[in-house]
Amino acid sequence: MKKSPAHEMICAVRSRAAARGITATFILHSEKSHLMRIGNNSVSLNTSEALTRLDIEVINGRRTGIHTQMGDVVSEEYVEKALQIAVSKAEVASEKAYQPIPDKVEKAISEDSQYDKALETVDPAFKADAYQRIFNEVGQQYNFSGSWSSGSVEFFMTSTANDLCVHHLGTDQAFNIVLKHPEKKWELRQGATGWRLNDFKVEKIIKSFKELLPVYEKHAGTQIEPGEYTVALGSDAVAEVLEMACWTGFFGRSYEEKQGWTAKYVKGDKVLGDNVTIVDEPANDLTYRFGFDFSGKTRQTWPIVEKGKLQNLMYDSSTCAKYGRPLTGHTGGSLSITMQTGKDSHDLLETVKGMGKVLYIPALHYLNIPNASKGIFTGSSRFNAVLIENGKVVGPIFSSRITDTFQSVFGKIVKISQEAESVNLSNTYGRRSPVAFAVPSYIVSEKVKITDCAESF
């Protein structure tokens, strides 16, 4: 791996720190982020940001000191001063109840297989033109709002444990647009993701709107009575629920602290349906691939649930240190969760023929966890939901709330699409953290609890 001048400066300070007996980790995060927002059918915000941050963590016995410094790395003196601040913090910090595990780069990795220069440098005019085309072809009588985030992330890490370094360079995007009727209360939403600019297809967005609009324009909405229903969840809903299931059940901290819904189970126990296999798969191109975690551990294919049975949990380094568990490659926010596809047609309507009444809910709004220990989640169908009967769309349904458990919804799946889709679950709190799950385009689950339904859109 050819180091940049900034990387060379960090490595020089790292080497001197190691010679002085300092245990330290150096992480350099650089990003170029671009955001366009629209409102009332026009661009309301267009902004770009270039951000660089240096994070240094020092371990002194059971004490740790962390210092974050914003700005370009311009000299070894710049890095040295940041290191000394972290050292000082470690000297006065409270002792932890456990011995922290020093970070160590396990294998030198340099990756850029998901980097697209065209996406990193996309002209704002390209985005504005795409929005304008949607307005023109779908209909300017509707009110459109939304956002389009895109950019690149560069990540460099090394520690005093050895001379090895890891480097990552990638791009990502998240496009969302909401159509609101000028008189009625209903809204429709479309989105797109991917690490290449060419992953965005404006034609697909327009086509999806045009297919769904007649359903909402020509049919009165249906208010669903509370009860148990056969529900088809679209890829967005599947990924959103799966993400919460992971954080509250498949991560070591919630398990060890007996707060998660899997706490009562052990490896090999059945936790979900026989047709459910969930894997953290860093090499999957439908996810945002990261070959290492923030502790330097090389990430491998990590089976979590296999045919419904619990296989492994995901641990960050602090939880490993606290409870004496081995590192699994899950320190930091990098996840490449995949749910195995099935054998059913990509055409949902074809799949649900003969199944009677089916609620199709492509995404869940305001998803929340009322009770993590029991695996209870809740969310409403706000956008794009429709009622299907015997393979034909009857019309839209008013916003309906699912309140059920992960075990039930993922334990009573009767149909799984053979087609996988990428769903963006990224966040930008503190730093750009691209995350995408690869999940079936839909699942059909029986006896899903609908606990409430609005009286109108």
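We did not get these values from a lab; they are worked out from the coordinates using the rules stated. Since we're looking at a predicted model, the values are computed, not measured. Glycine also receives a Cβ, built like all others from the backbone with ideal geometry; neighbour counts cover every protein chain displayed.
Once backbone amide H atoms are built at 1.01 Å from N, LYS447 has TYR229, THR230, VAL231 as its partners under 5 Å, excluding neighbours fewer than 5 places away on the same chain. Cross-linked pairs LYS204/LYS297; LYS107/LYS201; LYS201/LYS415; LYS3/LYS322; LYS207/LYS270; LYS3/LYS267: Cα-Cα separations exceed 32 Å for LYS204/LYS297; LYS107/LYS201; LYS3/LYS322; LYS207/LYS270; LYS3/LYS267. For the range 261-311, the Kirkwood radius over C-alpha pairs fed into Stokes-Einstein at 20 °C and 1.002 mPa s yields D = 175 µm² per second. In the range 366-457, one over the average inverse separation of all distinct C-alpha pairs is 15.4 Å, which is the Kirkwood hydrodynamic radius. Under 5 Å from the amide H of MET314 lie the amide H atoms of PHE251, GLY252, each residue being 5 or more positions distant or on a separate chain, with H modelled from the backbone and absent for Pro and chain starts. Measuring between their Cα centroids, the range 95-172 and the range 386-420 lie 32 Å from each other. Normalised by 2.2 N^0.38 Å, with N the number of residues, the alpha-carbon radius of gyration of the chain equals 1.06.
With only Cα atoms counted, the range 5-218 has Rg and Dmax values of 23.6, 75 Å. Of the trypsin sites (Lys or Arg not before Pro) found in the range 31-117, those that fall in a DSSP loop while having at most 11 other beta-carbon atoms within 10 Å are LYS107.
For the pair LYS353 and GLU228, a Förster radius of 25 Å applied to the C-beta separation gives a FRET efficiency near 0.75, rounded to the nearest 0.05. Each of ASP72, ASP347 has some number of other Cβ atoms within 10 Å of its Cβ, and from fewest to most they run ASP72, ASP347. In the chain, if the dipole is taken from +1 on Lys/Arg beta carbons and -1 on Asp/Glu beta carbons about the Cα centre, which of SER94, THR338, GLN84 is farthest to the positive end? Going by the charge dipole, the pick is SER94.
Whole-Hz Karplus values for the range 5-16 come out as x, 5, 5, 4, 4, 4, 5, 5, 5, 4, 5, 5 Hz, taken residue by residue from phi with 6.51 cos²θ - 1.76 cosθ + 1.60 and θ = phi - 60°; glycine and proline positions read x. Starting from the Cα gyration tensor of the range 408-457, take the square roots of the eigenvalues, sort them a ≥ b ≥ c, and report rounded, prolate or oblate (rounded when a/c is under 1.5, otherwise prolate if a/b is larger than b/c, else oblate). Note, shape of the range 408-457 comes out oblate.
With a simple spin-label model that places each label point 7 Å from the Cα along the Cα-to-Cβ direction, the separation between LYS201 and THR405 comes to 4.1 nm.
You can think of it this way: the chain between VAL43 and LYS374 has 114.8 nm of extra reach, that is 0.36 nm per residue less the Cα-Cα gap. Reported to the nearest whole Å, the Cα centre-to-centre distance from the range 440-457 to the range 246-288 is 23.
Relative to the longest principal axis of the Cα atoms of the chain, helix 235-245 runs at roughly 50 degrees. Rounded to 0.05, the FRET efficiency of the LEU164 and GLU8 pair, given R0 = 22 Å and the Cβ-Cβ distance, is 0.90.
Above 24 Å, the calculated P(r) of the range 160-309 contains 57 percent of its Cα-Cα pairs.
When you filter the trypsin sites (Lys or Arg not before Pro) in the range 321-407 for DSSP loop state and at most 10 other Cβ atoms inside 10 Å of their Cβ, you are left with LYS343. Expressed as a fraction of 2.2 N^0.38 Å, the C-alpha radius of gyration for the range 208-258 is 1.82.
Applying a DSSP loop filter and a limit of 14 other Cβ atoms within 10 Å to the GluC sites (Glu not before Pro) in the range 86-181 leaves GLU95.
Here the simple spin-label model places points 7 Å from the Cα toward Cβ, and for SER94 and ASN390 these points are separated by 6.7 nm. Taking the Cα atoms of the range 227-453, the ratio Rg/Rh between the radius of gyration and the Kirkwood radius comes to 0.97. The ratio of the alpha-carbon radius of gyration of the range 1-88 to the globular-protein estimate 2.2 N^0.38 Å is 1.46. By the beta-carbon count within 10 Å of each Cβ, the least crowded to most crowded order of THR277, THR428, fewest first, is THR428, THR277. Cβ-to-Cβ counts within 10 Å put ASP280, ASP285 in ascending order as ASP285, ASP280, the fewest first.
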